[in-house]
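Take a look at the structure set out below.
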Amino acid sequence: MHSISDLQVILKKVFDSASFSQEPAELYDPIFYTLNLGGKRIRPLLVLIGCDLFHGDIEKAGPAILAIELFHNFTLLHDDIMDRAPLRRGKETVYKKWNTNVAILSGDTMFALACEYLSQADPDVLPLALSEFTRTARMVCEGQQYDMNFETRKVVSIGEYLEMIRLKTAVLIGCSLKLGAILAKAPPAETAKIYSFGENIGMAFQIQDDLLDVFGDEQKFGKEIGGDILSGKKTFLLLKAYEIAPEKEKSELDQCFSDPSIHSEEKIERVTKVYQSLKIREITLEEIGKYFSKALQSCDGIDADVNSKKALGLFANDLLKRDF
């Protein structure tokens with residue numbers, strides 16, 4: 001198995017050779033801008049890892065890794081509009097830098113380009129690769145719809161929330177690894193195992209994202225801290241707080257999320273104080289750990305070289321070591 005640094009070199013080569021400087025510039029400039037915001041390109045890297053784990057030809061995986069990254073960033077462009085997020089990776093989001101219509105259309109184009117790139121896969125695996133990709137795209141959209149539905153619902157269970165993030169975030173992590181395995185022509189039983197590994201890592205990753213939104217370092221996180229609190233987003237932290245809070249803390253949360261006269265900084269401070277009193281950070285870290293353990297169990301079951309599986313587990317561990 002290649003080292004992660006070796007795969008990152010290949011990844012950089014693929015993206016450096018891809019050109020999005022086309023006309024009309026108003027359509028393609030936001031795409032170029034988005035793809036160069038400085039993200040870690042985790043999902044396309046996972047495609048390479050999945051392909052390499054099963055001894056596939058990683059040099060032929062270029063179109064697939066471009067497809068995954070284009071699709072992922074398409075969802076981010078549209079998510080930022082829906083969430084009214086001003087920053088992405090520490091820089092202006094596309095709809096803020098240009099406008100909403102540009103962000104929608106450029107996002108749509110990214111999805112079309114993703115399908116175009118993926119269609120260049122080996123004809124032997126193309127039907128399966130396209131089926132997995134489009135199934136995942138549909139599930140991601142379902143997850144986003146559930147997320148929007150939750151905005152207008154007073155009561156959302158933790159189980160409903162976990163299913164929402166599975167669809168919105170975790171399935172794309174699983175798909176990235178599975179797509180790489182498909183390109184390597186791995187047996188279905190093995191692609192299922194690596195998908196399970198990725199899905200559980202994706203769950204841990206998203207719950208950690210919720211945690212970082214409250215307790216993270218804004219400079220390192222790349223997004224405004226407290227954004228979920230200000231938007232009233234139903235995260236694992238908020239739902240768990242309502243689940244275990246005594247009446248006094250529930251009343252405090254109710255007031256913070258219903259009184260428009262409370263200023264932003266005060267709202268973030270008061271909600272965070274409730275979280276701290278309930279030890280929500282510690283509870284959330286425990287939940288992250290549960291999904292990480294499930295991921296490692298799936299990894300252990302993969303029929304691949306022991307050292308390669310160990311490297312995969314270490315990579316997942318590094319992935320979750322984001323700064324607070």
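The criterion of at least 1 residues that are more than 16 Å from Ala103 (Cβ to Cβ) and in contact with a His (Cβ under 6 Å, 6 or more places away or on another chain) is met by the following helices (runs of 4 or more DSSP H) wholly inside the range 1-53: 42-53.
When you look at Gly56, is it more than 14 Å from the chain's Cα centre (by Cα), part of a helix (DSSP H, G or I) and buried (at least 17 other Cβ atoms within 10 Å of the Cβ), yes or no? So Gly56 fails the test.
In this structure, Leu76 qualifies as closer than 30 Å to Thr152 by Cβ, modelled with pLDDT of 90 or more and of a type outside the set (Lys, Arg).
Scan Thr75, Thr93 and give me the residue that is closer than 26 Å to Met148 by Cα, among the hydroxyl-bearing types (Ser, Thr, Tyr) and touching a strand residue (DSSP E or B) at 6+ places or on another chain (Cβ under 9 Å).
Thr93
Of the helices (runs of 4 or more DSSP H) lying entirely inside the range 218-324, those containing at least 1 residues that are in contact with a helix residue (DSSP H, G or I) (Cβ under 8 Å, 6 or more places away or on another chain) and surrounded by fewer than 19 Cβ atoms within 10 Å (Cβ to Cβ) are 227-231, 236-244, 247-258, 264-277, 280-300, 306-319.
Taking the listed residues Ala170, Ala129, Ala121, the one that is farther than 26 Å from Glu26 by Cα, part of a helix (DSSP H, G or I), more than 19 Å from the chain's Cα centre (by Cα) and in contact (Cβ under 8 Å) with a residue 12 or more places away in the chain is Ala129, with no other qualifying. Among the residues of the range 97-118, just one is of a type outside the set (S, T, N, Q) and outside any helix (DSSP H, G or I), namely Trp98. Residue check: is Pro123 modelled with pLDDT of 95 or more, of a type outside the set (Phe, Trp, Tyr) and out of contact with any helix residue (DSSP H, G or I) (no Cβ under 9 Å at 6 or more places or on another chain)? Here the answer is yes, as Pro123 does meet what is asked. Taking first residues from the range 84-111 that are over 22 Å from Ala137 (Cα atoms) and assigned by TED's automatic domain parsing to the domain that holds Ser231 and partners that are at pLDDT below 95 and not in a helix (DSSP H, G or I), no Cβ contact under 9 Å between residues at least 6 apart in sequence or on separate chains turns up. Taking the condition closer than 20 Å to Glu265 by Cα and touching a strand residue (DSSP E or B) at 6+ places or on another chain (Cβ under 9 Å), does Gly227 pass? Against the criterion (closer than 20 Å to Glu265 by Cα and touching a strand residue (DSSP E or B) at 6+ places or on another chain (Cβ under 9 Å)), Gly227 qualifies. Mind checking whether some residue in the range 63-70 is crowded, with 22+ Cβ neighbours inside 10 Å, more than 13 Å from the chain's Cα centre (by Cα) and not in a helix (DSSP H, G or I)? No, that holds for no residue.
The values are calculated or read from the model by the stated rules, or taken from the named source; none is laboratory data. Predicted model only: the values in this text are computed from it and were never measured. So basically every Cβ, Gly included, is an ideal-geometry build from the backbone, and we count neighbours across all protein chains shown.
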